[in-house]
Amino acid sequence: MIKKSLLFFVLLMLGHSAFAMQPNSPQDLKRLEQSNARILGLLTYSEKAIAWRQLAVDAYFEMIDYASEHSGKFKADQLLKMHKGSTVYIRHIRRPIVEILREKEFFMDFKDAFIIQTEHPTTVTDKVKRVIDNNARRGFNHNRGNKWKTVRYKQYSVNPLDLKGQLYLRSLKLGLVSALTLLDNFSIAMQPYFDHPQLRHSILHDIPKAYKSTSKEMKKVWTDYIKKYSHSKKLYRAIDLFNQEAEILKNNKRPGESEFVRALDIAINTSFTFGEIKKDDRRPGFFDRFVEQVKLGHRKRRDFYKNVGNGAMNELSKGFGNSAGVFQSRHGKLYDMPKEELQNLIAEMKPLDVVMEKTPFRLTDKFIPGHYGHAAVWTGNENQLKELKVWKELPKLYKLAKKYYHYKGPSFQEAVRSGHMIIEALRPGVQINTMKHFLEIDDLAVLRVKDCAGDKGQSLKGQPTCYTSKQKRLYLIEAFKQIGKDYDFNFDVNTEKKIGCSELAYRTYVNTDFETDKTLGRHAISPDQVANKADEKHEPFYPVIIYFNGVRVEGDLDFQLEIMKDLLKTDYPSVELKTGICQSYKEEECLK
């Protein structure tokens with residue numbers, strides 16, 4: 001569990017009586033931690049769902065392509081893969097989310113009345129009403145004459161401008177995010193299988209015994225979508241309440257603001273289903289249109305789902321990344337680097353240095369494979385850029401960034417003069433930042449490109465082993481060209497409109513053969529795959545600066561290469577043995 005400073009507002013009640021207690025009571029603070037843990041858990045399930053959706057979409061098109069070439073026949077391993085994927089979804093994604101929806105504190109069922117107003121403080125009132133007794137009408141009640149029954153309920157009159165109202169709205173949003181996630185899962189990844197008669201029969205009626213336990217639940221997934229979720233008045237009511245709150249908060253400050261509440265707002269606004277519902281006021285017309293789309297034929301269907309998959313993957317990954325990115329347990333160990341040390345570090349830097357970092361205190365670091373979690377490019381100062389004949393190109397590159405990417409930062413020349421010399425792709429987009437801004441980290445590595453003695457670059461099997469001045473000029477221009485682009489939450493190196501952090505190196509050193517991994521149908525590059533270009537002497541980069549766990553690693557090039565290899569293998573005991581630097585990122589463990 002990531003340790004967070006407890007925020008100044010109280011936890012939303014688990015039962016209706018919780019608000020009788022004082023907001024700062026230990027019990028409320030404990031419940032707040034439990035609620036925050038649920039949000040983190042839901043974000044984790046959402047991330048799993050994103051990966052599963054794209055795998056399901058890719059597997060579907062693979063099956064359809066094969067069947068079209070083989071008279072409708074599917075391969076045995078394709079069907080097995082489909083059944084395994086169904087089981088993974090049921091056990092590891094759907095069930096945990098459904099459990100969240102079943103919590104007492106959520107208002108998705110709206111058995112009680114729930115209204116939003118700003119005229120008076122939030123209140124909860126006991127009410128009574130008489131309703132028709134359906135059991136009596138169906139003959140289950142022995143007293144056939146009694147067609148009515150008395151129902152007690154609570155009326156929640158919620159003011160989003162007071163703390164108590166915000167706590168109730170937090171509960172509403174938890175349920176809404178869960179419901180939207182289930183709808184996104186079905187509409188993006190499962191709808192094509194159920195629209196195909198043969199695949200639908202296989203999933204519902206021909207599933208192997210090993211996966212039989214999920215068969216009934218898959219039937220429920222299908223019927224729930226058609227009868228319960230997709231046309232649910234409760235869902236639309238919850239969305240209306242969410243929109244009402246958003247409208248009120250346009251001109252008012254939300255009390256009890258926290259990263260957890262912002263995470264829920266982001267998850268709702270980036271939901272594919274929520275976006276489609278906003279487009280269609282006819283409700284539930286979006287679902288009808290969706291079904292019609294998948295009947296247009298195989299190629300149109302493929303394009304449609306691929307576009308949905310790409311768009312949804314990007315938006316949902318964006319939602320998760322933005323949500324998870326706000327969770328930070330402490331400052332980085334290099335955050336308060338002494339001024340003199342910082343100045344000396346900047347003085348050591350050269351144009352086109354690759355700057356790597358690790359932030360084990362952030363939630364997002366847990367989802368990045370390998371050791372390093374981010375890569376950026378150092379531009380160099382004004383004199384260095386003039387020497388490489390890049391300085392005069394910056395005004396033109398700045399105009400292009402403003403025109404095509406609506407970049408609103410200072411001119412590139414002004415930025416460099418003010419110490420902004422690190423180009424990096426962050427969630428808000430590609431930026432140029434200072435070294436001080438970058439050093440909210442624990443680990444730092446600086447990788448330098450090798451200089452060629454002459455004008456011709458050497459090569460090894462088509463791979464450059466050093467770079468000429470002309471190549472460096474080209475690379476720097478390419479790096480500046482990326483500023484202003486949106487962040488690539490699809491993590492696909494084959495796309496140019498958006499850039500991920502490690503993709504920045506891929507787009508900067510354009511003729512360097514970086515390794516990539518094909519994941520979810522996309523070729524992605526990790527920060528460690530960038531660093532791999534500096535772990536051998538024949539590679540075009542070499543390490544010049546390494547900080548591990550907040551401490552600089554001293555030694556010659558051979559020693560730096562050795563430490564780099566250990567870090568990329570995450571062999572932290574070896575690093576501690578060779579450097580004497582504690583391998584644990586938790587300070588209390590290093591003090592033992």
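What follows is calculated from the coordinates using simple rules that are stated; it is not laboratory data. Note that the structure is a prediction, hence the values are computed from the model and not measured. Reconstructed Cβ throughout: ideal geometry from the backbone, glycine too, with neighbour counts over all protein chains shown.
Suppose a student asked you for the relative contact order of the range 524-572, using Cα pairs under 8 Å spaced at least 6 residues apart; what percent would you report?
Working: 39 pairs, mean separation 15.3, N = 49.
Once divided by the residue count of the range 524-572, the mean separation gives 31 percent.
Consider all pairwise Cα distances in the range 339-590 and report the whole-number % of them above 24 Å.
46
Output ³J(HN,Hα) for the range 476-482: one whole-Hz value per residue in order, computed from phi by the Karplus curve 6.51 cos²θ - 1.76 cosθ + 1.60 with θ = phi - 60°, and x for Gly and Pro.
With the stated coefficients, the range 476-482 comes to 5, 4, 4, 5, 5, 5, 7 Hz.
Label points 7 Å out from Cα along the Cβ direction at Glu589 and Lys250: separation in nm?
4.9
Within 12 Å, Cβ to Cβ, of Gln117, how many net charges do the neighbouring residues add up to if Lys/Arg are +1 and Asp/Glu are -1?
Combined, the nearby Lys, Arg, Asp and Glu give -3.
Could you work out how much longer the chain between Lys147 and Thr570 gets when fully extended? Use 0.36 nm per residue separation minus the Cα distance between them, nm to one decimal.
Between Lys147 and Thr570, full extension yields an extra 145.3 nm.
Subtract the Cα-Cα distance of Glu382 and Glu119 from 0.36 nm times their separation in residues, and report this length gain in nm to one decimal.
Values: separation 263, 0.36 × 263 = 94.68 nm, distance 5.83 nm.
Working it through step by step, the gained length comes to 88.9 nm.
Please list 3J(HN,Hα) in residue order for the range 348-353, calculated via the Karplus relation 6.51 cos²θ - 1.76 cosθ + 1.60 where θ = phi - 60°; whole Hz, with x for glycine and proline.
6, 6, 10, x, 6, 4
Relative contact order, percent, of the range 339-590 when contacts are C-alpha pairs under 8 Å separated by at least 6 residues? Walk me through the numbers on the way to the answer.
Details: 453 pairs, mean separation 51.1, N = 252.
For the range 339-590, the relative contact order is 20 percent.
Give me, ordered by chain and number, the residues 5 or more places off Asn433 or on other chains with an amide H under 5 Å from its own placed amide H.
Counting only residues 5 or more places away or on other chains, the set is Met421, Ile422, Ile423, Glu424.
Using label points projected 7 Å from each Cα along Cα→Cβ, tell me how many nm separate Val98 and Lys350, to one decimal.
About 6.1 nm, to one decimal.
Ranked by Cβ crowding within 10 angstrom, fewest neighbours first, how are Lys392, Lys470 ordered?
Fewest to most other Cβ atoms nearby, the residues stand as Lys392, Lys470.
Modelling each spin label as a point 7 Å along the Cα-to-Cβ direction, I'd like the Glu496/Leu400 distance in nm, to one decimal.
1.0
Once amide H atoms are built 1.01 Å from N in the peptide plane, which residues 5 or more positions from Tyr467, or in another chain, come under 5 Å H to H?
Counting only residues 5 or more places away or on other chains, the set is Lys450, Asp451, Cys452.
Which links in Lys408/Lys498; Lys399/Lys498; Lys392/Lys537; Lys253/Lys279; Lys389/Lys569; Lys396/Lys518 stretch past 29 Å when you go from one Cα to the other?
The answer is Lys392/Lys537; Lys389/Lys569; Lys396/Lys518.
When the chain is fully extended, how far beyond the present Cα-Cα distance does Leu163 get from His70, taking 0.36 nm per residue of separation? Mind showing how you got there, number by number?
On the way: separation 93, 0.36 × 93 = 33.48 nm, distance 6.23 nm.
Separation in residues times 0.36 nm, less the Cα-Cα distance, equals 27.3 nm.
Provide the per-residue ³J(HN,Hα) series for the range 360-365, in order, calculated from phi with Karplus coefficients 6.51, -1.76, 1.60 and θ = phi - 60°, each as a whole number of Hz, with x at glycine and proline positions.
Values, residue by residue: x, 8, 10, 4, 4, 4 Hz.
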